[in-house]
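Step one of this worksheet: look at the structure below.
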Amino acid sequence: MTRTKLWMIAYRGLTRNRRRTFFTMLAVALGLALLITLNGYISGVMEDGLQNSIRLQTGHVQVRAAGYPDGKHSVQWKDLIERPEEIAAQAMAMPEVRAAAPILWLDAVLSTGEESVGLQVYGIDVNSPLHDPLRASVIAGAFLEATDRSGVLMGGRLAQSLNLKVGDTVPLVTINANGEPVEAPFVIRGLFSSGVLVYDESVLFMPLARAQSFALTGNRASAVMIELHRREDADKVAVALAQPGLQTFTWRDLNAFILQSMDAAFSFYILMDAIVIMIVAVIIANTLLMAVFERVREIGILAALGMKRLEILLMVLYEAAIIALAGVVVGIALGLLGVFFLTQNGFVLGEMATTAGNLPISNVVYARFAPDLFTWLAVWTFLIALLASLYPAWFAARLEPVRALHTE
Amino acid sequence: MPIIELFDIHKTYRIGEVETRALDGVSLNFEPGEFSAIVGPSGSGKTTLLQIMGCLDRPDRGIVKLDDRDVTRLNADQRAELRRNVIGFIFQFFALIPVLDAYENVELPLLLAGVGARERRERTLEMLEAVGLSDRIHHRPNQLSGGQQQRVAIARALVKRPLVVLADEPTANLDTANGEQAMEIMQRLNEQTGTAFIFATHDPRVMKFARRTIHLVDGRVAENHAPVPVEAAVRSLSHPGEPRA
Ligand SMILES: Nc1ncnc2c1ncn2[C@@H]1O[C@H](COP(=O)(O)OP(=O)(O)OP(=O)(O)O)[C@@H](O)[C@H]1O
Ligand SMILES: [Mg+2]
């Protein structure tokens with residue numbers, strides 16, 4: 001029998017109960033739209049966290065001294081890079097590199113009259129384009145000058161919680177390269193808001209030279225931080241900069257933990273996706289089964305006229321395929337619309353963002369188009385819907401023509 | 001040579017503990033081009049017999065030969081193949097596909113049989129013309145009268161030029177005029193095409209058209225009035241009630 005005619009009968013079957021067909025299609029569409037939107041958003045959150053981490057903490061590539069300890073800061077000379085400017089210059093000469101500059105990390109304690117807070121101090125090359133985003137995020141006062149001997153840039157939230165403002169002087173204590181505690185007063189030149197709450201609450205910036213003199217490190221730096229045009233070039237650049245006595249890291253190494261927790265989170269979301277897809281599948285199976293029950297007689301007639309079991313099976317499957325395909329198409333459209341909306345209008349996560357563990361999530365997070373993920377979801381929704389229709393199709397194919405005809 | 005041969009057909013339905021003996025040793029032959037009625041009281045097994053002849057159902061015991069081929073042990077797909085090629089059905093409730101229009105309903109058996117598009121169209125239109133429905137080809141079943149629906153069913157049964165058309169109470173849901181018209185059309189098509197017609201019926205109007213009447217009682221053949229040659233008919237008149245050999 002010509003396949004097209006099977007399609008035609010299947011299609012006619014659908015137009016019979018338009019409302020039911022429509023709502024089933026809608027169930028598929030809404031299910032998929034929900035999945036696409038959610039996954040687009042989650043993907044946005046993850047990517048945002050990763051981007052923030054790269055932008056604010058790790059860069060795309062880092063060069064450190066071979067001895068620099070893992071997971072904590074050290075300002076001992078043996079742990080630092082001796083001539084960081086040379087490495088930065090070498091990196092800057094590479095076409096893949098957008099910006100490169102030395103950085104010095106210190107642990108410090110800030111004390112006001114009432115309280116003390118542990119902070120991280122980043123000594124930065126304030127003229128490097130590496131810090132353009134920071135420059136742009138200044139919300140009060142001014143950005144730092146390279147020659148400033150006492151200025152610091154503080155997160156707006158931290159300042160607020162400590163009741164400080166631009167122009168205030170605060171004492172900072174750190175352990176210097178010789179292992180001695182040292183204290184010095186600093187003036188708050190400006191306040192920044194990076195959009196990442198954890199960051200805004202615990203990081204203080206000062207010019208590299210001042211950080212070096214504060215901790216007695218000479219010209220040394222903790223690392224040379226490198227930003228690339230494309231993060232895919234990280235391995236290449238890392239390899240090019242490798243030399244004895246140094247170790248290089250890519251953003252993958254540096255964000256291993258984040259990437260890992262992203263994977264873990266994704267398995268959870270896959271479970272959620274599976275549940276939604278299953279619900280859609282049950283709805284399809286149910287509708288088709290109802291449609292088959294309703295047409296027991298009609299199927300009996302087709303069987304009496306000589307339609308074979310496989311043909312009846314295919315006919316019902318075609319019906320399912322049409323519903324599923326229409327649902328998937330509409331679902332993709334609605335889902336992309338949802339994602340688009342969330343790329344324009346982010347959710348303000350506020351306090352929730354600070355509790356997201358190690359993921360430095362922005363205050364406002366936007367969805368992201370993840371074509372691979374969306375295709376995957378659409379294909380699975382379609383396949384599972386077809387799979388779910390196997391039972392009704394099998395049921396229809398198994399009907400005896402006689403019994404089917406007796407139903408009047 | 002007969003087109004259908006039935007040897008000692010038995011069929012018992014079981015619903016739970018209850019057994020109904022629907023056919024109890026039926027042996028019958030049907031010749032090409034016959035126009036016969038199977039009559040008998042309700043529950044006597046007429047429908048069951050037609051279903052077994054039409055390969056819609058299988059007997060518990062006995063042999064069914066269709067066109068000299070034993071069909072008793074064929075599987076579901078092989079029986080479907082036979083139904084699509086050599087048997088036409090007409091049912092009491094017309095049994096049209098409600099979502100297809102008259103044209104599509106008549107075309108369906110040709111599609112199932114894999115007839116090419118051009119021939120399909122010609123034969124479909126020809127059959128619709130033969131049953132007088134050329135002006136109704138795009139009407140859905142629910143837009144047709146009962147008589148018109150049954151005529152679509154007749155066209156559908158005949159369009160594939162089957163060996164035999166099996167009709168179960170084809171006039172039961174038609175008024176007298178429509179019933180007569182349906183019978184006349186079938187008689188004419190029987191004469192024109194040579195397709196055999198076998199009816200199961202209570203309807204005296206159908207019996208009146210039939211050239212042979214088979215009486216079923218309790219799943220057995222009680223009387224079998226074959227199309228008799230004149231002298232045999234005279235003999236049977238002179239000896240009423242004498243059972244046939
Ligand atoms: N599917 C079935 N299951 C159980 N019993 C059945 C089934 N079909 C028929 N019967 C029984 O078999 C017997 C013969 O039924 P059948 O339908 O062949 O009779 P019929 O001569 O066609 O009757 P009618 O004139 O009322 O249509 C009846 O007693 C009926 O109740
Ligand atoms: Mg009957």
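The values are calculated or read from the model by the stated rules, or taken from the named source; none is laboratory data. Remember, it's a predicted structure, so these values are computed and weren't measured experimentally. Methodologically, a virtual Cβ is constructed for each residue, glycine included, from the backbone with ideal geometry; neighbour enumeration extends over all protein chains shown.
What to note about this one:
- B:Ile9 on the phi < 0 side of the Ramachandran plot, away from ligand 2 (no atom under 15 Å from the Cβ) and away from every other protein chain (no Cβ under 14 Å): yes
- Extreme residue, nearest to ligand 1 (Cβ to nearest atom), among residues of region A:365-406 that are away from every other protein chain (no Cβ under 14 Å) and not in a helix (DSSP H, G or I): A:Ser389
- Single condition A:Ala93 does not satisfy, out of (1) closer than 20 Å to A:Phe205 by Cβ; (2) without any contact (Cβ under 8 Å) to a residue 24 or more places away in the chain; (3) hydrophobic (A, V, I, L, M, F, W, C): (1)
- For the residues A:Gly167, A:Gly59, the requirement of being in contact with a strand residue (DSSP E or B) (Cβ under 8 Å, 6 or more places away or on another chain) and not assigned by TED's automatic domain parsing to the domain that holds A:Met225 singles out A:Gly59.
- Residue among A:Val280, A:Val237 that alone is away from chain B (no Cβ under 14 Å), out of contact with any Lys or Arg (no Cβ under 6 Å at 6 or more places or on another chain), in contact (Cβ under 8 Å) with a residue 60 or more places away in the chain and within 30 Å of A:Thr58 (Cβ to Cβ): A:Val237
- Of everything listed in (1) over 23 Å from B:Lys160 (Cα atoms); (2) free of Cβ contacts under 8 Å to residues at least 40 places away in the same chain, the single unmet condition for B:Gly40 is (2).
- Residue match in region B:47-63 (condition: of a type in the set (A, V, I, L, M, F, W, C), more than 14 Å from chain A (Cβ to nearest Cβ), part of a strand (DSSP E or B) and within 16 Å of ligand 1 (Cβ to nearest atom)): no
- Here A:Gly306 clears all of (1) touching a helix residue (DSSP H, G or I) at 6+ places or on another chain (Cβ under 7 Å); (2) touching a residue at least 12 places away in the same chain (Cβ under 8 Å) except the condition numbered (2).
- Test: residue in region B:212-220 that is within 13 Å of the chain's Cα centre (by Cα) and within 16 Å of ligand 1 (Cβ to nearest atom): no
Every residue, every condition in (1) over 26 Å from A:Trp77 (Cβ atoms); (2) at pLDDT below 90; (3) not acidic (Asp, Glu), yes or no:
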| residue | (1), (2), (3) |
| --- | --- |
| A:Val196 | yes, yes, yes |
| A:Glu201 | yes, yes, no |
| A:Leu204 | no, no, yes |
| A:Pro207 | no, no, yes |
| A:Ser213 | no, no, yes |
| A:Asn219 | no, no, yes |
| A:Ile226 | no, no, yes |
| A:Arg231 | yes, yes, yes |
| A:Thr248 | no, no, yes |
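- Residue check, B:Arg83 away from ligand 1 (no atom under 16 Å from the Cβ), more than 30 Å from B:Asp135 (Cα to Cα) and either free of Cβ contacts under 8 Å to residues at least 24 places away in the same chain or touching a Cys at 6+ places or on another chain (Cβ under 9 Å) (or both): no
- Scanning region B:25-46 for residues that are surrounded by fewer than 16 Cβ atoms within 10 Å (Cβ to Cβ), in a strand (DSSP E or B) and either within 11 Å of ligand 1 (Cβ to nearest atom) or among the polar types (S, T, N, Q) (or both) yields B:Ser27, B:Asn29.
- One residue alone among A:Val224, A:Val196, A:Val173 is touching a residue at least 24 places away in the same chain (Cβ under 8 Å) and surrounded by fewer than 22 Cβ atoms within 10 Å (Cβ to Cβ), and that residue is A:Val173.
- Counting only helices (runs of 4 or more DSSP H) that sit completely within region B:65-156, those holding 1 or more residues that are loosely packed, with under 14 Cβ neighbours inside 10 Å and either more than 9 Å from every other protein chain (Cβ to nearest Cβ) or of a type in the set (Phe, Trp, Tyr) (or both) correspond to B:76-86, B:117-130.
- Residues within region B:54-77 that are within 19 Å of B:Thr20 (Cβ to Cβ) and within 16 Å of ligand 2 (Cβ to nearest atom), tallied: 2
- Qualifying residue in region B:204-211 (condition: more than 16 Å from ligand 2 (Cβ to nearest atom), buried (at least 19 other Cβ atoms within 10 Å of the Cβ) and not in a helix (DSSP H, G or I)): yes
- Verdict on B:Ile38 being more than 13 Å from ligand 2 (Cβ to nearest atom) and among the β-branched types (Val, Ile, Thr): no
- Some residue of region B:161-182 being of a type outside the set (A, V, I, L, M), at pLDDT 90 or above, over 18 Å from B:Thr201 (Cα atoms) and part of a helix (DSSP H, G or I): no
- Looking at B:Phe209, B:Phe199, just one residue is within 12 Å of the chain's Cα centre (by Cα) and not aliphatic (A, V, I, L, M), and that residue is B:Phe199.
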